[in-house]
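**Q** Below is one structure. I have some questions about it.
The values are calculated or read from the model by the stated rules, or taken from the named source; none is laboratory data. Predicted, not measured: the structure shown is a model, and the values here were computed from it. No Cβ is skipped: glycine too gets one built from the backbone with ideal geometry, and neighbour counts run over all protein chains shown.
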Ligand code: PGA
């Protein structure tokens, strides 16, 4: 089964519009044409319009939001709607990131509403899942991943799954410098794929792209992406430097 790799920069609450311009001036010329992988950049909402003006005309790179309201419009102070994101050319929306789950109280039910809203609006959700260290050490890895996959994808059809990307991000590896070993990551990815087979069928399980996230960097990207069930990366820290993000992408291009 050949799946096109997808490598995404999650800038989190970094990069002012001015800083993003400097990054993109250095980064975009490295990828003037479509590569063998999908490249995605997720700036903050405020940085998005300026970044989109540079990213959207570039054939090799797409823009993503880091979050989205499940509501269409109205009295939701501080929230950003699908219609707003559409106007700036958004293609992907990161949903259910562990920081949203742990710091802002988003549970699988909330994330599920957002996933459904994103799909209805024609976006591709990048659905983040992953266990904490306590959960892993307590033998709960599979239960946690099963609950997140089933809960976040409730009501998503097999057809809609063609537009869903899953990011497996062990919480203990995010921003810590500790990366899951290729074996640990492969085992978790294969398990997530088996959950998709249970919930859908073999075709959906085989076609869904599953990214790895958690201290992905130029030094470990090639080995991780060579694993059978790892289809790209969601990159935080190492995506803030154009050279290191480009090196991670190059690992994906070389493996394609
Ligand atoms: P990190 O973040 O690469 O800095 O570990 C990944 C993520 O949270 O998406």
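**Q** Residues of region 90-123 being touching a strand residue (DSSP E or B) at 6+ places or on another chain (Cβ under 6 Å) and more than 16 Å from the ligand (Cβ to nearest atom), which ones? Before you say what the answer is, go through the steps one by one.
**A** Quick first cut of region 90-123, residues touching a strand residue (DSSP E or B) at 6+ places or on another chain (Cβ under 6 Å) only: 90-97, 111, 114-115, 118, 123.
Selection gives 90, 91, 114, 115, 118, 123.
**Q** Kindly indicate whether residue 205 is at pLDDT 95 or above, touching a strand residue (DSSP E or B) at 6+ places or on another chain (Cβ under 8 Å) and either farther than 22 Å from residue 8 by Cα or in a helix (DSSP H, G or I) (or both). Quick ask: steps written out before the conclusion?
**A** On the way: at pLDDT 95 or above: yes; touching a strand residue (DSSP E or B) at 6+ places or on another chain (Cβ under 8 Å): no; either farther than 22 Å from residue 8 by Cα or in a helix (DSSP H, G or I) (or both): yes.
No.
**Q** Given the conditions (1) at negative phi; (2) away from the ligand (no atom under 16 Å from the Cβ), which single one is not true for residue 42?
**A** Here residue 42 meets the rest and fails (2).
**Q** Suppose we filter 10, 14 for residues that are surrounded by fewer than 23 Cβ atoms within 10 Å (Cβ to Cβ), at pLDDT 95 or above and within 16 Å of the ligand (Cβ to nearest atom); which single one remains?
**A** Working: 10 fails: surrounded by fewer than 23 Cβ atoms within 10 Å (Cβ to Cβ).
Unique residue meeting the criteria: 14.
**Q** If you take the residues of region 219-256 that are within 11 Å of the ligand (Cβ to nearest atom) and outside any helix (DSSP H, G or I), which of them is surrounded by the fewest Cβ atoms within 10 Å (Cβ to Cβ)?
**A** 240
**Q** Can you say whether residue 82 is in contact with a helix residue (DSSP H, G or I) (Cβ under 8 Å, 6 or more places away or on another chain) and away from the ligand (no atom under 16 Å from the Cβ), as far as the supplied structure shows? Break it down stepwise before answering.
**A** Details: in contact with a helix residue (DSSP H, G or I) (Cβ under 8 Å, 6 or more places away or on another chain): yes; away from the ligand (no atom under 16 Å from the Cβ): yes.
Criteria met by residue 82.
**Q** Among the numbered criteria (1) buried (at least 18 other Cβ atoms within 10 Å of the Cβ); (2) outside any helix (DSSP H, G or I), which single criterion is violated by residue 105?
**A** It fails just one condition, (1).
**Q** How many residues are outside any strand (DSSP E or B) and within 20 Å of the chain's Cα centre (by Cα) when one looks only at region 32-48? Even if it seems obvious, please write down each step before you answer.
**A** From region 32-48, those outside any strand (DSSP E or B) are 32-37, 43-48; that's our starting set.
Subset that is within 20 Å of the chain's Cα centre (by Cα): 34-37, 43-48.
The total comes to 10.
**Q** Also, I was wondering about something else. Can you run down the residue pairs with Cβ atoms below 9 Å, 6 or more apart or on separate chains, where the first is in region 230-250 and under 16 Å from residue 25 (Cα atoms) and the partner is part of a helix (DSSP H, G or I) and near the ligand (Cβ under 10 Å from one of its atoms)?
**A** 239/248; 244/237; 244/238; 245/238; 245/239
**Q** To continue, here is another question. Restricting to region 208-218, count the residues that are more than 11 Å from the ligand (Cβ to nearest atom) and touching a strand residue (DSSP E or B) at 6+ places or on another chain (Cβ under 7 Å). Spell out the reasoning first.
**A** Of the residues in region 208-218, the ones more than 11 Å from the ligand (Cβ to nearest atom) are 208-210, 218.
If we keep only those that are touching a strand residue (DSSP E or B) at 6+ places or on another chain (Cβ under 7 Å) too, we end up with 208-210.
Qualifying residue count, region 208-218: 3.
**Q** Can you name every residue in region 49-79 that is out of contact with any helix residue (DSSP H, G or I) (no Cβ under 6 Å at 6 or more places or on another chain) and in a strand (DSSP E or B)?
**A** Residues satisfying the conditions are 62, 64.
**Q** Give 193, 209, 136, 146 a once-over and let me know the one that is under 24 Å from residue 226 (Cβ atoms) and over 17 Å from the mean Cα position of the chain (by Cα).
**A** 136
**Q** Is it true that some residue in region 180-197 is part of a loop (DSSP other than H, G, I, E, B) and more than 16 Å from the ligand (Cβ to nearest atom)?
**A** If we filter region 180-197 for residues that are part of a loop (DSSP other than H, G, I, E, B), which is where we start, we get 180-181.
Next cut, more than 16 Å from the ligand (Cβ to nearest atom) only: none.
Within region 180-197 (the criterion being part of a loop (DSSP other than H, G, I, E, B) and more than 16 Å from the ligand (Cβ to nearest atom)), the answer is no, since none of the residues qualifies.
**Q** Select from region 161-206 the residues that are surrounded by fewer than 20 Cβ atoms within 10 Å (Cβ to Cβ) and in contact (Cβ under 8 Å) with a residue 60 or more places away in the chain and list them in ascending order.
**A** Answer for region 161-206, where residues must be surrounded by fewer than 20 Cβ atoms within 10 Å (Cβ to Cβ) and in contact (Cβ under 8 Å) with a residue 60 or more places away in the chain: 175, 206.
**Q** If you scan region 149-174, which residues turn out to be in a helix (DSSP H, G or I) and over 20 Å from residue 201 (Cβ atoms)?
**A** Going residue by residue through region 149-174, those that are in a helix (DSSP H, G or I) are 149-152, 160-163, 171-173.
Once the filter is applied, which keeps residues that are in a helix (DSSP H, G or I) and over 20 Å from residue 201 (Cβ atoms), region 149-174 yields 171, 172, 173.
**Q** Still on this structure, please answer the following. Could you tell me how many of the residues in region 112-160 are more than 23 Å from residue 8 (Cβ to Cβ) and crowded, with 16+ Cβ neighbours inside 10 Å?
**A** Residues meeting the conditions: 4.
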